[in-house]
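Only one structure is covered here, and it is reproduced in the block below.
The values are calculated or read from the model by the stated rules, or taken from the named source; none is laboratory data. Fair warning: this is a prediction, and the values are worked out from it, not measured in the lab. Please note: Cβ atoms are built from the backbone with ideal geometry, for glycine as well, and neighbour counts cover all protein chains shown. Areas reflect the complete protein model, heavy atoms only, side chains present, ligands, DNA and RNA absent. Shrake-Rupley method; radii C 1.70, N 1.55, O 1.52, S 1.80 Å.
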Amino acid sequence: MSDLKITVIDHPLVRHKLSLMREKDCSTYKFRTLTKELARLMAYEASRDFEIETFPMEGWCGEIIGEQIIGKTATIVPILRAGIGMLDGVLDLIPTAKISVVGLQRDEETLQPVPFFEKFVSHMDKRPALIIDPMLATGGSMVATIEMLKKNGCTNIKALVLVAAPEGVRVVNEAHPDVTIYTAALDSHLDEHGYIIPGLGDAGDKIFGKQLFNK
Ligand SMILES: O=P(O)(O)OC[C@H]1O[C@H](OP(=O)(O)OP(=O)(O)O)[C@H](O)[C@@H]1O
Ligand SMILES: O=c1cc[nH]c(=O)[nH]1
Ligand SMILES: [Mg+2]
């Protein structure tokens, strides 16, 4: 696995919270709360390399040197549905961020992502983009999202996922080596249905409540 390009955020708080999410009977409320808390911690790490510039400012004791993040504010890109669960956590840290939305539904038979929605904010070429989705399984949904972002001019793209499968990381690395992936855990493998093992199960269903039927 050492050939995979991925940053595992193995902070004790992250490891503890992720284990709580793996519990068999984790409630929707608890799962949703932990998703938000983890997203907040991950956003802290993923924004570590945002560039800073200095500027003169008036402080209480006279002129001082202030610091500010350079350039246009980031756009957060939740992948519908499950990515919405991470949105508030990232916004806690980057409250001025703009939000672009991508809708993809993984076909349960073919495991291919089926696009159903996209809406991007202005100046995508000038903003860092932070894609959020709890699960990176085969990598199909992430690659499709990155392609949509690049088509709209994005050049600075990061992906934040709670759990990643090695198979999917490899697919994203090969298709888009410029994209940095952050995860709370790099798990073992995918099962025959494309679920991450040990993973979290169906993250969308756990955040929103189980779907009545699948289309
Ligand atoms: O890496 P992949 O194999 O593409 O799988 C990962 C995708 O599958 C899940 O979404 P799903 O399509 O189940 O939609 P949901 O968010 O509505 O549950 C998950 O949230 C990712 O978007
Ligand atoms: O393990 C997985 C794979 C795809 N989508 C999920 O919600 N979980
Ligand atoms: Mg789902």
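Overview of values
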read-out	value
Difference of contour (0.36 nm per residue) and Cα-Cα distance, ASN173 to LYS24	50.5 nm
The chain, relative contact order [Cα under 8 Å, separation at least 6], %	23
VAL179 long-range amide H proximity, modeled H, under 5 Å	none
For the range 82-97 versus the range 8-61, the gap between their alpha-carbon centres in whole angstrom	10
Label-point gap, in nm, between ASN156 and LYS72 - each point 7 angstrom along Cα→Cβ	1.1
Cα-only Debye scattering, the range 131-215: base-10 log of I(q)/I(0) at q = 0.15, 0.16, 0.18 Å⁻¹	-0.55, -0.62, -0.77
Only Lys, Arg (+1) and Asp, Glu (-1) charged, at Cβ; the range 60-164 dipole about Cα centre in debye	300
q = 0.13, 0.19, 0.28 Å⁻¹, the range 38-91: log10 I(q)/I(0) [Debye, one scatterer per Cα]	-0.49, -0.77, -1.08
Between helix 166-175 and the chain: long-axis angle, C-alpha atoms, 0 to 90°, nearest 10	60
The range 90-156 - Rg over Rh from alpha carbon coordinates, Kirkwood radius	0.99
Karplus 3J(HN,Hα) series, Hz, for the range 79-94 with 6.51 cos²θ - 1.76 cosθ + 1.60 (x for Gly, Pro)	8, 5, 8, 4, x, 4, x, 8, 4, 4, x, 5, 5, 4, 8, 10
Of ILE70, THR110, ASN173, farthest towards positive along the dipole that unit charges on Lys, Arg, Asp, Glu beta carbons give the chain	THR110
Principal-axis tilt of helix 12-22 within the chain, Cα atoms, nearest 10 degrees	30
Accessible solvent surface per residue of the range 97-215, calculated while the other protein chains remain in place, 1.4 angstrom probe, Å²	46
Column: log10 I(q)/I(0), Debye, Cα scatterers of the range 134-178, q = 0.30 Å⁻¹	-1.17
Top positive-direction residue, dipole computed over the range 28-111 with Cβ charges, set ILE84, ILE52, ILE94	ILE84
The range 110-156 - charge dipole about Cα centre, Lys and Arg +1 at Cβ, Asp and Glu -1, debye rounded to 20	160
Protein accessible area in the chain, 1.4 Å probe - carbon and sulfur %	54
Nearest-ten-degree value, helix 140-151 long axis tilted from longest Cα axis of the chain	40
Gain upon complete extension [GLU63, ARG48; 0.36 nm per residue less C-alpha separation]	2.7 nm
Length added when fully stretched, ASP191-ASP205, from 0.36 nm per residue minus Cα-Cα	3.2 nm
